[in-house]
1. Given a 10 angstrom Cα cut-off, can you work out which residue in S63, S218, S145 is the most mobile in a GNM of the chain?
2. Fewest Cβ neighbours within 10 Å first, please rank H202, H142 accordingly.
3. For the Cα atoms of the chain, what angle does the longest principal axis make with the long axis of helix 117-130, in degrees from 0 to 90, nearest 10?
4. Select from M167, M148, M177 the residue whose mean-square fluctuation is largest in a Gaussian network model of the chain (Cα-Cα springs shorter than 10 Å).
5. What is the helix-to-structure angle for 146-158, meaning the angle in degrees between its Cα long axis and the longest Cα principal axis of the chain, kept from 0 to 90 and rounded to the nearest 10?
6. Normalised by the number of residues in the stretch 97-162, what is the relative contact order in percent for Cα pairs under 8 Å and 6+ residues apart?
7. Between R220, R111, R205, which gets the highest mean-square fluctuation from a Gaussian network model of the chain, Cα cutoff 10 Å?
8. Assuming a ≥ b ≥ c are the square roots of the Cα gyration tensor eigenvalues, decide whether the stretch 56-122 counts as rounded (a/c under 1.5), prolate (otherwise, with a/b larger than b/c) or oblate.
Amino acid sequence: MTAPLTEQAGGRVGGQEPAVRIQAVSKIYGQGKAGLQALDNVALDVAPGEFVCLLGASGCGKSTLLSLVAGLDAPTAGRIDVDRDRIALMFQEPALFPWLTVSANVEMALRAKGLNRQERRDSAAEFLDIVHLGGFGKKRPHELSGGMRQRVALARALAQDADVLLMDEPFGALDAMTRDLLHDELERIWRERDLAVLFVTHNVREAVRLGDRVVLLSSRPGRVVEDFPVTLPRPRRTDSAEVAGQAGEITQRLREEVMRHGFTQPGAQEVAPDGR
């Protein structure tokens, strides 16, 4: 079953001010006939402590929307309300500085706080403990596995003391087992720190595994076409029948949307329940 889009009353979501409010946001690259519309009139609220997954075919504007929320770009129309001083952003690649140690990479996020060197080291060690990388602070990124590097990137994001965590396919390049383990880690940290998370993925089962809601965007230009609440009890398993069942429902709706826009449209690739 799908639910109507988040009800808004007096500018609040469920009695709380939203952590992220996206109001009638459109984004056009270029001008005139050569302009490319990536997003069209997108409206979405993310409540404090809510985990929202953005899903859609390639090229539908998911990453563009995340960049707009992060303040890396500006919308052509509409408004985004969020405290950007309390936002952390994670990309698909860890984007670590290879010449720095693991600890020094995390410390980069602490420099703006005015901490001295020892305070930064102590704080970085605490964040590495949170992602179960205690004792790896003196290693270099090339000495770590892909999953461990993503945990360092997560520790660096958490070190920014964010209330909102934006994640752009952070586990897409990892093998299934590592991805599953990082799902567990992310869910644990999300619960402990009461973060609002906006998570972009192509993997439908991943979205159902992690999300409180799965928001489906249309093919380009991206519009919110469906908002699926996920009420399955936690913890969830990606390979469970319950997750597979809801992933199948969402995949069918995604296929309908892709076909409605034409399968040959650029970026309108199909997304299977397992993300392949």
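1. Highest fluctuation of the listed residues: S145.
2. Ordered by Cβ neighbours within 10 Å, fewest first: H142, H202.
3. The answer is roughly 50 degrees.
4. M177
5. Helix 146-158 sits roughly 90 degrees off the main axis of the chain.
6. Relative CO of the stretch 97-162 lands at 47 percent.
7. Highest fluctuation of the listed residues: R111.
8. oblate
Since every read-out is calculated from the coordinates, none of them should be taken as a lab result. Being a predicted model, the structure only gives us computed values, none of them experimental. FYI the Cβ positions are ideal-geometry reconstructions off the backbone, even for glycines, and counts take in every protein chain you see.
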